[in-house]
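K.L.:
Got a structure for you, written out below as structure tokens; questions coming shortly.
The values are calculated or read from the model by the stated rules, or taken from the named source; none is laboratory data. Treat the numbers as computed from the prediction; the structure is a model and nothing was measured. Quick reminder, even Gly has a Cβ in these numbers, built from the backbone with ideal geometry, and neighbours come from all protein chains shown.
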Ligand code: RTP
Ligand code: MG
């Protein structure tokens, strides 16, 4: 069983897409472990995006992610990292397959609605900087036997 960190970015919150996006993960059969509506501080944004430090889009990315509230989540399930990346779609909306979140709702790479961890190592790191262990809710997903 794998876990991932997903975050609806300020554009997704402002556009009223939290429910639409959450519902895609729920209908897929993934299990919600934690969720938090919050504002990201510059310090937290720097930790989260440390792998992109120095890239041309780094400073605008920090400004964007701290510009308004986000909806931070942890989800779990078999292959949850690859599955959620597939549902989210490619970084650039032009390359995202129809039916993915970014294809259906995003236009620009800079405003692509949602973040998803890209590896087990990054998932563990990102979950630990946004959530304390006590905030991760342990429960049995009773429908799990059918998905
Ligand atoms: P994310 O981390 O947000 O889930 O997105 P990703 O894996 O698909 O993309 P990543 O390469 O990790 O880039 C992180 C975010 O930085 C912005 N970006 N802009 N202008 C550009 O070339 C560019 N490249 C990346 C995007 O907002 C991207 O989601
Ligand atoms: Mg990424």
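K.L.:
Looking only at residues that are free of Cβ contacts under 8 Å to residues at least 60 places away in the same chain and on the phi > 0 side of the Ramachandran plot in segment 82-134, which one is nearest to ligand 1 (Cβ to nearest atom)?
P.N.:
Looking at the filtered set, the residue picked out is 89.
K.L.:
Out of curiosity, is residue 136 within 15 Å of ligand 2 (Cβ to nearest atom) and either under 18 Å from residue 38 (Cα atoms) or in contact with a strand residue (DSSP E or B) (Cβ under 8 Å, 6 or more places away or on another chain) (or both)?
P.N.:
Here the answer is no, as residue 136 does not meet what is asked.
K.L.:
Let me ask something additional. Considering only residues that are in a helix (DSSP H, G or I), surrounded by fewer than 17 Cβ atoms within 10 Å (Cβ to Cβ) and in contact with a helix residue (DSSP H, G or I) (Cβ under 9 Å, 6 or more places away or on another chain), which ones fall in segment 105-124? Working first, answer last.
P.N.:
As a first pass, look at segment 105-124 and keep what is in a helix (DSSP H, G or I): 105, 120-124.
With the extra rule that they be surrounded by fewer than 17 Cβ atoms within 10 Å (Cβ to Cβ), the set shrinks to 120-122, 124.
Within segment 105-124, 120, 122 meet the criteria.
K.L.:
Output yes when any residue across segment 8-15 is within 15 Å of ligand 2 (Cβ to nearest atom) and either surrounded by 11 or more Cβ atoms within 10 Å (Cβ to Cβ) or at positive phi (or both), and no when none is. Steps first, please.
P.N.:
Our first condition is that a residue be within 15 Å of ligand 2 (Cβ to nearest atom); within segment 8-15, this holds for 8-9.
With the extra rule that they be either surrounded by 11 or more Cβ atoms within 10 Å (Cβ to Cβ) or at positive phi (or both), the set shrinks to 8-9.
The answer is yes; a qualifying residue exists.
K.L.:
Moving to a separate point now. Checking residue 47 against (1) away from ligand 1 (no atom under 14 Å from the Cβ); (2) touching a helix residue (DSSP H, G or I) at 6+ places or on another chain (Cβ under 8 Å), which test does it fail?
P.N.:
(1)
K.L.:
Taking residue 74, is it surrounded by 17 or more Cβ atoms within 10 Å (Cβ to Cβ), out of contact with any helix residue (DSSP H, G or I) (no Cβ under 8 Å at 6 or more places or on another chain), under 18 Å from residue 119 (Cα atoms) and at pLDDT 95 or above?
P.N.:
no
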